[in-house]
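This report refers to the structure that appears directly beneath it.
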Amino acid sequence: MTVTWEECGWQGLTPRVGRCRLPGWDCTVGLVAGDGAALVIDAGSSLREGARLRTEACRLLGGARVTHLALTHPHFDHVFGAAAFAGVEVFGAVGVDGVLIRDRDILHADAVHHGLAPVDATEAADLLVRPRHQVSGEWTLDLGGGVRVLLANVGPGHTGHDLAVLVPGASDGSPDVVFCGDLVEESGEPQSGPDSVPSRWPAALDRLLNLGGEDALYVPGHGAVVDAAFVRAQRDALARRFGVSG
């Protein structure tokens, strides 16, 4: 890194892993820096926001380019900026491409309903990016420099197509970091919409906890970084809320 995370307004989680909290919906975007490759996690809510994120990532990477993009789930505030990352390898949970094709108008309407300018929503919906790589189980990315990232299809839960990202800790003592998407939220109650699968959500959080373990940092789709105890408490609250036993 030629500049610090903080100089770009990001939060450093380990020397090679950081995140930022976007204005508006407090949405998380992550960055994992390898040697010669880099992964961005989620893309923001508009092409304008996506372009800013790509510029900031390039600065953090010392001028190197983003090579991979993982979309945690198909909601506008996480995918509408993806077209700004032209030329990168895009990953999502299996089946997410069908949602982005079928529900483009729904995503557009949801974005406008939540306050995105109609012109920005239309531009993003027209250029909506479908993941080229679809993860059905787990997929490991080697970003170079000893940095390996695990993409895991842990859903359904918040949506029918939830992808988590595990960045294992390093020999310097850095902790494991798990990007949770909106399976976990800290700045408000987890949001359950018409595309949620409430009966499966607690089990998705069990899989998330199995990925990261007790000592990982868990990065929610919205809000501050949390620990395993927070995720477990949210899992239990969701089970009570939706009447899921076990």
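The values are calculated or read from the model by the stated rules, or taken from the named source; none is laboratory data. The shown structure was predicted, so the numbers you read here are calculated from the model rather than taken from an experiment. In this analysis, Cβ positions are derived from the backbone assuming ideal geometry, glycine residues included, and neighbour counts consider all displayed protein chains. These area figures cover heavy atoms from the full protein model, side chains too; ligands, DNA and RNA do not enter into them. Shrake-Rupley method; radii C 1.70, N 1.55, O 1.52, S 1.80 Å.
Would you mind calculating the relative contact order of segment 39-184 from Cα pairs under 8 angstrom and at least 6 residues apart, reporting the percent as a whole number?
That works out to 21 percent.
Looking at the chain as a GNM with Cα springs under 10 Å, which of Arg148, Arg54, Arg132 has the largest mean-square fluctuation?
Ranking Arg148, Arg54, Arg132 by mean-square fluctuation puts Arg132 first.
Given 10 °C and 1.306 mPa s, compute D for the chain with the Stokes-Einstein relation, Rh being the Kirkwood radius over Cα pairs; round to the nearest whole µm²/s.
Estimated diffusion coefficient is 90 µm²/s.
I need the shape label for segment 40-156. Rule: rounded when a/c is under 1.5, else prolate if a/b > b/c, else oblate, with a, b, c from the alpha carbon gyration tensor.
Here segment 40-156 falls in the oblate category.
Take every Cα pair under 8 Å in the chain that's 6+ residues apart, average their separations, divide by the length, and report that relative contact order as a whole percent. Write out the running numbers ahead of the final one.
Working: 555 pairs, mean separation 38.2, N = 246.
With pairs under 8 Å counted, the relative contact order is 16 percent.
Placing +1 on the Cβ of each Lys and Arg and -1 on the Cβ of each Asp and Glu in segment 151-207, which of Ser171, Pro190, Gly157 has its Cα farthest towards the positive end of the resulting dipole?
Gly157
As a test of reading the structure, rank Ser199, Ser192, Ser174 by solvent-accessible area (1.4 Å probe, protein chains only), most first. Each step should come with its number before you reach the end.
Values: Ser199 80, Ser192 50, Ser174 25 Å².
Heavy-atom accessible area, descending, gives Ser199, Ser192, Ser174.
With the Cα gyration tensor of segment 99-196 in hand, convert its eigenvalues to equivalent ellipsoid semi-axes via √(5λ) and list them largest first in whole Å.
Details: eigenvalues 177, 56, 40 Å².
Semi-axes, largest first: 30, 17, 14 Å.
May I ask you to compute the full-extension gain from Cys58 to Asp142, defined as 0.36 nm times their residue separation minus their alpha-carbon distance, rounded to one decimal in nm?
This chain segment gains 28.3 nm when fully extended.
Could you check the simple spin-label distance between Asp35 and Ala117, using points 7 Å along Cα→Cβ, in nm with one decimal?
4.3
Using Cα springs under 10 Å in a Gaussian network model of the chain, which residue among Cys58, Cys20, Cys180 shows the largest mean-square fluctuation?
Sorting by GNM fluctuation, first place goes to Cys58.
Shape call for segment 169-246 from the C-alpha gyration tensor, a ≥ b ≥ c root eigenvalues: rounded (a/c under 1.5), prolate (a/b greater than b/c) or oblate?
Since a/c reaches 1.5 and a/b is larger than b/c, the shape of segment 169-246 is classed as prolate.
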